[in-house]
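The values are calculated or read from the model by the stated rules, or taken from the named source; none is laboratory data. Being a predicted model, the structure only gives us computed values, none of them experimental. When we count neighbours, we look across all protein chains shown, and the Cβ atoms used for this are built from the backbone with ideal geometry, even at glycine. Note: areas computed on protein heavy atoms with side chains; ligands, DNA, RNA excluded. Shrake-Rupley method; radii C 1.70, N 1.55, O 1.52, S 1.80 Å.
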Amino acid sequence: MPRVLITGFEPFGGDELNSSWEAVRLVGQEPLAGLEVSVVQLDCVFGRALEQLSAAIHETDPDLVVCVGQASGRPDITVERVAINLDEARIPDNAGVSRHGTPVVAGGPTAYFSALPVKACVAAVRAAGVPASLSYTAGTFVCNHVFYGLMHCIATERPGMRGGFVHVPALPDLPAATVAEGLRALLTTAVRTREDIAMPAGETH
């Protein structure tokens, strides 16, 4: 049975809830047929979040890792395509730390592409009746920090593992139960699909 690790974040920026964790928690409460799913909450803290992710990977030994974060202002589930080696914080993390122009991994590649079939994942979420699109920026805060760290782990330590990052709208813009349905469809498709589909999804600016 394929092992899947899905993570969400604790609240940050003064919010009482983080939509990513609320949705991920619901995914964990209703197991997916044919998948062994583990859910973990990450701190919204540079460095510590990657330590927690690494510990969860070592504990669960997953075939697939999908990290989920909150993107206020976005109207749909956005599957991220690119992680960049840059921490550039507009606000402090939950430990009060701001990073400005710091690499996520010193000496690491400039960027990594997601190891998910990103277009197939977008199509699967839409087929489940949940709005979704492809994104080419995961920001430069802790979400991108975790995304890049995950992809670096895959590239340097666990080449047989696949993974990527997904942003979800803040509450109440899209209900957590609706997001959870989209995430279930995404996980099932990501496990079963190796070759991505051809689908127009670019940006002009």
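Key figures
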{"quantity": "Filter pass, GLN52 being within 18 Å of ALA95 (Cβ to Cβ) and in a helix (DSSP H, G or I)", "calculated": "yes"}
{"quantity": "Selection count, the stretch 72-98, where residues are among the charged types (D, E, K, R), open to solvent by less than 60 Å² (accessible area, probe 1.4 Å) and not in a strand (DSSP E or B)", "calculated": "3"}
{"quantity": "Residue within the stretch 162-171 that is part of a helix (DSSP H, G or I), buried (at least 21 other Cβ atoms within 10 Å of the Cβ) and touching a Cys at 6+ places or on another chain (Cβ under 8 Å) present", "calculated": "no"}
{"quantity": "Qualifying residue in the stretch 191-200 (condition: closer than 17 Å to ARG126 by Cβ, modelled with pLDDT of 95 or more, touching a strand residue (DSSP E or B) at 6+ places or on another chain (Cβ under 6 Å) and crowded, with 16+ Cβ neighbours inside 10 Å)", "calculated": "no"}
{"quantity": "Unique residue being open to solvent by 40 Å² or more (accessible area, probe 1.4 Å), in a loop (DSSP other than H, G, I, E, B) and within 22 Å of PRO62 (Cβ to Cβ) when the list is PRO109, PRO159", "calculated": "PRO159"}
{"quantity": "Qualifying positions in the stretch 129-156 - surrounded by fewer than 18 Cβ atoms within 10 Å (Cβ to Cβ) and outside any helix (DSSP H, G or I)", "calculated": "GLY129, PRO131, SER133, TYR136, THR137"}
{"quantity": "Any pair with Cβ under 9 angstrom, 6 or more apart, that starts in the stretch 193-205 at a residue that is within 19 Å of LEU64 (Cα to Cα) and among the acidic types (Asp, Glu) and ends at one that is open to solvent by less than 100 Å² (accessible area, probe 1.4 Å) and modelled with pLDDT of 90 or more", "calculated": "GLU195/PRO117; GLU195/ALA120; ASP196/LEU116; ASP196/PRO117; ASP196/VAL118; ASP196/LYS119; ASP196/ALA120; ASP196/CYS121"}
{"quantity": "Total residues in the stretch 13-25, condition open to solvent by 40 Å² or more (accessible area, probe 1.4 Å), at pLDDT 95 or above and either in contact with a helix residue (DSSP H, G or I) (Cβ under 6 Å, 6 or more places away or on another chain) or not basic (Lys, Arg) (or both)", "calculated": "2"}
{"quantity": "Hey, TYR136 aromatic (Phe, Trp, Tyr), touching a helix residue (DSSP H, G or I) at 6+ places or on another chain (Cβ under 7 Å) and either touching a residue at least 60 places away in the same chain (Cβ under 8 Å) or over 23 Å from ALA180 (Cβ atoms) (or both) or not", "calculated": "no"}
{"quantity": "Criterion (touching a strand residue (DSSP E or B) at 6+ places or on another chain (Cβ under 8 Å), assigned to a helix (DSSP H, G or I), open to solvent by less than 30 Å² (accessible area, probe 1.4 Å) and modelled with pLDDT of 95 or more) met by exactly one of LEU186, LEU174", "calculated": "LEU186"}
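Residue-by-condition table, conditions (1) in contact with a strand residue (DSSP E or B) (Cβ under 9 Å, 6 or more places away or on another chain); (2) surrounded by fewer than 21 Cβ atoms within 10 Å (Cβ to Cβ); (3) at pLDDT 95 or above:
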| site | (1), (2), (3) |
| --- | --- |
| ARG3 | yes, yes, yes |
| PHE9 | yes, no, yes |
| VAL27 | yes, no, yes |
| GLY34 | no, yes, no |
| VAL40 | yes, yes, yes |
| LEU50 | yes, no, yes |
| SER54 | no, yes, yes |
| VAL68 | yes, no, yes |
